[in-house]
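Engineer: Take this structure first; my questions come after.
No value in this document is a laboratory result; all are computed from the given coordinates. Keep in mind the model is a prediction, meaning the values are calculated, not measured. For neighbour counting, all protein chains shown are included, and Cβ atoms are generated from backbone atoms with ideal geometry for every residue, glycine included.
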Amino acid sequence: MTPHTYPTYDDASGRRFGPEEEEAVLRVVRSGHLSRVGGTETAALESEFAALMGMPHAVAVATGSAALHCAVAALDLNPGDEVIVPPITDAGTVIGAMAQGLVPVFADLEPVTGCLTPETVAAAITGRTRAIVVVHLFGGAADVEGIVELCHSRGIKVVEDCAQAYLTTTDGGALVGTVGDIGCFSLQQSKHVTTGDGGLLVTGDAGLARRASLFADKGWPRDTGERTHLFLGLNYRMTDLVAAVARAQLLKVDGVVADRRRVADVLNKAVARPGVRVPEVPRHSFWLYPVVLDPAVVGGDNRRFVELLEGSGLAASAGYLQRVLYDNPVFTERRTFGDSGWPLTLGSGPEPHCPVAERMVAETLVTVGVNENFSAADVAAAAAALSGALDRMAEDAR
Ligand SMILES: *Cc1c(COP(=O)(O)O)cnc(C)c1O
């Protein structure tokens, strides 16, 4: 098989940078003022992102992980409090909570979307649960309305991790990130819109916005004119140089998501057959294109499928992660602060065990790299590679 060369998020081929971003960089560099402190770009980005999301408050920070850290810090919980998290996600979902002394409690996932559900969350709630971080995995919405209903009646806060889900909408028609208490986004290189690194959060709660914003600037309320530190915070500030590029990128996010949906629509038709589950197009934003296999029906597991795609040029991963998050040394060996094991030592629950998530990684889940710059020829090549691999698995199984 001669490999097809696809556009990639790692360079200009698969990213949407143009004169708008170049002008933004020059504008800020020529001004001589690159910091958000005393500048205008980051503040403007915050207003523009809040408007895009239809929310009263947005805070811009250094990374998506920083946004998630600011979100849990804003909740002002106590060390040892529990936060429910999913086991298939980027580590950024969990590390900020751990840095705050919170104990991550892993709940299992819905077997096709790979998201937490009200049922799996309910099964993980204890008397110490104070928050949950729900991830809208690969651009598909979790049932965050159901999760909010479950959690809010118990005084549990809901943070939405939307790093992979710009402009994804829920069953109820809401934009993800606007349903829970705080919604967090990433501008890392691989995300729908990017500044290399960067993060954003939105909230409807002025108090949470204020705390998140102070946490990202050393607890320093600069707008009061006082040089004081109201509580323990970090320096997670975005720079005005980054914010200017983010402003240009945000103007393109609609088109980026529309073009990814167009790609997924073709791929969905190519892989449609018994034993293959793919997301419905309209509400999903396709950060990756996820395919979930029933190995018994399609004649092979995710590893076999990815093996058959090797040489096609298509970037595909069996399971997305090498292992579920809780099977990494940070958890298995409690590599946290010195040899203390803190805050994991504060946990009282059983060892994490999420059989659905483990099976997705080991056997059923394949993620395929797609982006907004796939041409018709790229989409056709990807469709042929995916359906060819499925045909081959079916033949081998006969
Ligand atoms: C990318 C990502 C993050 C972390 O964002 P960074 O900007 O890389 O820190 C967190 N959660 C999920 C689901 C992500 O995909």
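Engineer: Counting only other residues whose beta carbon sits under 11 Å from that of residue 202, what net charge do I get with K and R as +1, D and E as -1?
Structural biologist: Taking every Cβ under 11 Å from that of residue 202, the sum is -4.
Engineer: A follow-up question, please. How large is the charge dipole for the stretch 308-398, taken about the Cα centre, if only the Cβ atoms of Lys, Arg (+1) and Asp, Glu (-1) carry charge, to the nearest 20 debye?
Structural biologist: Computed about the Cα centre, the dipole is about 160 debye.
Engineer: Additional query: Using the count of nearby Cβ atoms within 10 Å as a rough guide to exposure, how do 218, 191 rank from fewest to most?
Structural biologist: Least to most surrounded, the residues fall as 218, 191.
Engineer: Okay, moving on. Rounded, prolate or oblate: which one fits the chain, using the alpha carbon gyration tensor with axes a ≥ b ≥ c (rounded when a/c is under 1.5, else prolate when a/b beats b/c, else oblate)?
Structural biologist: Oblate, because a/c is 1.5 or more while a/b does not exceed b/c.
Engineer: Across the chain, how many lysine pairs, 8 or more apart or on two chains, come within less than 26 Å at their alpha-carbon atoms?
Structural biologist: Qualifying lysine pairs in the chain: 4.
Engineer: Name the shape class, rounded, prolate or oblate, that the alpha-carbon gyration tensor gives for the stretch 89-214, where a ≥ b ≥ c are the square roots of its eigenvalues, rounded holds for a/c under 1.5, and otherwise prolate holds if a/b is larger than b/c and oblate otherwise.
Structural biologist: Rounded shape, in that the Cα axes give a/c under 1.5.
Engineer: Search the structure for amide H atoms under 5 Å from the amide H of residue 103, placed 1.01 Å from N in the peptide plane, and list their residues when 5 or more places away or on another chain.
Structural biologist: Distant-sequence amide H within range of residue 103: 80, 81, 82, 83.
Engineer: Specify whether the C-alpha gyration tensor of the stretch 135-289 places it in the rounded, prolate or oblate class, a ≥ b ≥ c being the square roots of the eigenvalues: rounded for a/c under 1.5, otherwise prolate if a/b is larger than b/c and oblate if not. Let's see the in-between values first.
Structural biologist: Numbers: a/c = 3.13, a/b = 1.62, b/c = 1.93.
Verdict is oblate for the stretch 135-289.
Engineer: Could you tell me which residue out of 107, 54, 216 lies farthest along the dipole of the chain toward its positive end? Charges go on the beta carbon: Lys and Arg +1, Asp and Glu -1, centred on the Cα centre.
Structural biologist: Farthest towards the positive pole: 216.
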